Amino acid sequence: MERITARNLTNEELFYGHKACGGCGESLAVRLAMKILGERTFASLPAGCMSAVSFIYPNMAFRTNAIITPFASTGAVAAGVAAGLQALGIKDTYSVGFAGDGGTADIGLQALSGAIDRGDQIIYFCNDNEAYMNTGIQKSGLTPFGTKTTTSPAGANLPGSTTMKKNMFEIVAAHDIAYAATASVGYLEDYMMKVEKAKSVKGTSYIHVLAPCPTGWGTTSEITISLAKEAVDCGLWYLAEYEDGEFKLNKNPKEFTPVENYVKKQGRFKHLKDAEIKQLEAARDKKWEKMRRNWVK
Amino acid sequence: MNRPKMVNFKDPETVRDYPMGATCDSDHLTSINAGWRTFRPVIDQEKCIKCMRCFLVCPDGVIDKSGDQLEIDYDFCKGCGVCAHECKPKAINMVKEAING
Amino acid sequence: MARRFVSGNDAVAEGVRLARPHVISAYPITPQTIVVERLSEFVEDGSLQSIYMHVESEHSALAAAMGVSSVGARAFTATSSQGLLYMAENLPYASGARMPIVMMNANRALATPWNIYGDQMDSMFMLNSGWIQVYVEDAQEALDMMIQAYKIAEDPKVLTPFMVNLDGFVLTHTYEVVDIPTQEEVDAFLPPINLSENIMSMEAPKSLCITAGNNYNMEFKIKQNEEMIESISVIEQVDAAFEKQFGRGYNGLLETVDCEDADVILVTTGSITGTARMVQKTLRAEGKKVGLLKLRYLRPFPTKALTEALKNAKVVGVVDKNISFGYEGTIFTNVNSALMQEGASQKVDNFICGLGGRDVTKENIHEMYEKMLVHLETSADVNDANVASKPQDRIHYMNVRCAL
């Protein structure tokens, strides 16, 4: 497979003029995916930031076919689109879902599970910005430990969110899905390669891409990409694939950059005490020990 | 510049002229985003090495690479500064927008 | 044409097979299960060229059907009771998008208390969902309405999802002799689906199920309401065309029996109508001026036809297999509103019966007519133990096993 780079990536934009906040990582993930997937793409987006910013009558940001789905229904609607296209004999198309972290790991998990179980011909993107941003930054199942959100306040009694991120990648892989991957908008060539790969997968694909949200993370808008890279470099996120029943770690750093540097850049973590940062590091180390043991040949 | 163009939208005159269902043509831009901007990215073409990184990382896709020089669609640039931050040769300057213009 | 002895559910499945949906997405629930079992068998044996999607819930059943419809393919789903309510948010979603999806609903009670038997609490919940709702009396009508449903729903002027309601068990599981038309006959009546305005296609890419803020939203909804009211004429035309082609029709939105000179008229929906027909006939033979009105469609509501049919009556009784708690039967509310709009002044009675599958016998219907005939002469039957105290003194609970 030819590497996709800034040079050979098409100049055509298929997701344009949306009303997402400046520096939105999620909109970049959708933009690049659409460029790689092309104009014969049918995009299904549940309630969430990306649907809220790109379908406001009469201003439509998708240049291809696109549909907003009920919040819980990304997997089901995308599967229905694929079935309808198949039944009508409309070939060489992609039925794609773009859901957020809450739309995937919480309310949309059941429909996603159903689609993977059936092996529906869809590519499902989880654009993970680690909280319900569209409704005003509430905690989701993918909000990390120690995150201050509007429903997981940090104070004298609580450190913000008290739970770790739900392990969506392995939950999806446990279905024995045809293809799954994690990615980050901090490693765009890796992300684009995974999108390209999903195009030729027979059955369901799942790509879980970490995408910073300046508004919800309490950062300035220009650091979106570098922060998403740092999330991987400090080990709080990882780049991996599940293919042919095997896990593969795409990036296995010898040393992590300090977690403290990563969290201190963000308003949502500003309150974290040293002990809580140590808790994050301990969870990271445990996770990486397991991934290195099981996923590295 | 090879970027999507605005459509000249007119409000439906009667209720019956509204779309059938909650539907609209795709590729249907009726309002620009330029007003969001506090800082404007300006490419220093002398310093630019055409690595295209700014084109790649722009969340809004406003940097066009089809011409001899990289060009910014200021109608839709929100001034987030990602391009300038990611530019290795520091060829993009964020310049404060004039209040009146 | 073939003539077969089948259940209501089998008849629905036969009707769906003849309508040839591209995709069936459904989740099993009693008493709908036979419909989806038969359809999966038809797909397996090749007599139906559809994709059968084993969705993991009713919510996804309708969501998948919306995906199917969004690209212009023909979709079918079926459900009942808790399943209908589980998919509830998707009903106005599909109607707002003007997707001509057809759904069979086996009318069944709602928990709690749990109960798998028939009443109409489930579909009454959905009267405001923007779906066309028809209630069928027998297996033949069930089969025929699956075919009519697609024809009506897919009409370019209508483009509205369509719910065909069958009384759970009493109709879904009762065997009757049914005429099954041939595929050629049905194909001649029901052309392939052909949508363009509200679908995603490669020819004209669309954005669907969009957002319309407070500046535009209301007009979308007004258009939807006006065009649903206008679907009345399409419903009548399709039923007339069906009768012409297949030799049996259903009188459009409602059917009347001896209403012209009737002093009292009982309004029924669904399978109870069959029992009411017998009682009405007996009472007429006894010289009593009683009529029967079978209300087939609740949405769009046939205000004009209904009030016209009821205009000579002095007492109107409405049978409801449902309660809107804190008020009265929902069909009663709708009939009363229609009568008020036309300035009518009939006395009205509401017969609430059949909840959770409670029998509605010939004797019960006879009792309804007797109460109305008493009401014809008096102001109210205040001595009746089963009439609730004021202000709901028009509500009669039928076949109750103990005193109120």
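The values are calculated or read from the model by the stated rules, or taken from the named source; none is laboratory data. On a predicted model such as this, the values are computed, not experimentally measured, just so you know. Backbone-built Cβ (ideal geometry, glycine too); neighbour counts: all protein chains shown.
Data table
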read-out	value
Cross-chain or 6+ apart pairs with Cβ under 9 Å, the stretch A:286-297 first and over 11 Å from A:Glu246 (Cβ atoms), then assigned to a helix (DSSP H, G or I)	none
Considering residues of the stretch C:182-194 that are surrounded by fewer than 21 Cβ atoms within 10 Å (Cβ to Cβ) and part of a loop (DSSP other than H, G, I, E, B) only, the residue farthest from the other protein chains (Cβ to nearest Cβ)	C:Thr182
Options C:Gly329, C:Gly252, C:Gly317, C:Gly270: the member that is on the phi > 0 side of the Ramachandran plot, crowded, with 22+ Cβ neighbours inside 10 Å and under 21 Å from the mean Cα position of the chain (by Cα)	C:Gly270
Count of residues meeting criterion [part of a helix (DSSP H, G or I) and either at pLDDT below 95 or more than 7 Å from chain C (Cβ to nearest Cβ) (or both)] in the stretch A:53-79	3
Selected residue [farther than 27 Å from C:Gly96 by Cα and more than 8 Å from chain A (Cβ to nearest Cβ)] from B:Ile49, B:Ile32	B:Ile49
Search result, residues across the stretch C:92-108 that are under 20 Å from C:Val36 (Cα atoms) and either in contact with a helix residue (DSSP H, G or I) (Cβ under 7 Å, 6 or more places away or on another chain) or among the aromatic types (Phe, Trp, Tyr) (or both)	C:Pro100, C:Ile101, C:Val102, C:Met104, C:Asn105, C:Asn107, C:Arg108
Index of the failed condition, B:Leu70 passing every other in (1) within 10 Å of chain A (Cβ to nearest Cβ); (2) within 24 Å of A:Tyr191 (Cα to Cα); (3) surrounded by 18 or more Cβ atoms within 10 Å (Cβ to Cβ); (4) of a type outside the set (Asp, Glu)	(1)
Meets criteria (closer than 17 Å to A:Glu222 by Cα, more than 7 Å from every other protein chain (Cβ to nearest Cβ) and loosely packed, with under 14 Cβ neighbours inside 10 Å) for B:Thr38	yes
Pair list, Cβ < 6 Å and 6+ apart or interchain, from the stretch A:81-98 residues that are within 7 Å of chain C (Cβ to nearest Cβ) to residues that are assigned to a loop (DSSP other than H, G, I, E, B)	A:Val81/C:Val71; A:Gly84/C:Val71; A:Gly84/C:Ala73; A:Leu85/A:Thr93; A:Leu85/C:Val71; A:Ala87/C:His22; A:Ala87/C:Ala73; A:Leu88/C:Ala73
Residue check for C:Asn322: outside any helix (DSSP H, G or I), more than 18 Å from C:Arg394 (Cβ to Cβ) and outside the structural domain of C:Leu171 (by TED's automatic domain parsing)	no
Identity of the residue in the stretch C:196-230, in contact with a Leu (Cβ under 9 Å, 6 or more places away or on another chain) and away from chain A (no Cβ under 11 Å), that ends up surrounded by the most Cβ atoms within 10 Å (Cβ to Cβ)	C:Glu227
Hits in the stretch C:75-97 (condition: surrounded by 24 or more Cβ atoms within 10 Å (Cβ to Cβ) and either more than 10 Å from every other protein chain (Cβ to nearest Cβ) or touching an Asp or Glu at 6+ places or on another chain (Cβ under 8 Å) (or both))	C:Phe76, C:Thr77, C:Ala78, C:Thr79, C:Ser80, C:Ser81, C:Gly83, C:Leu84, C:Met87
Residue check for C:Arg277: closer than 25 Å to C:Asn165 by Cα, in contact with a strand residue (DSSP E or B) (Cβ under 8 Å, 6 or more places away or on another chain) and either outside the structural domain of C:Lys347 (by TED's automatic domain parsing) or of a type in the set (Lys, Arg) (or both)	yes
Evaluation of A:Gly22 against (1) free of Cβ contacts under 8 Å to residues at least 40 places away in the same chain; (2) closer than 24 Å to A:Gly136 by Cα (one fails), failing number	(1)
Qualifying residue in the stretch A:15-24 (condition: over 26 Å from A:Gly216 (Cβ atoms) and assigned to a loop (DSSP other than H, G, I, E, B))	no
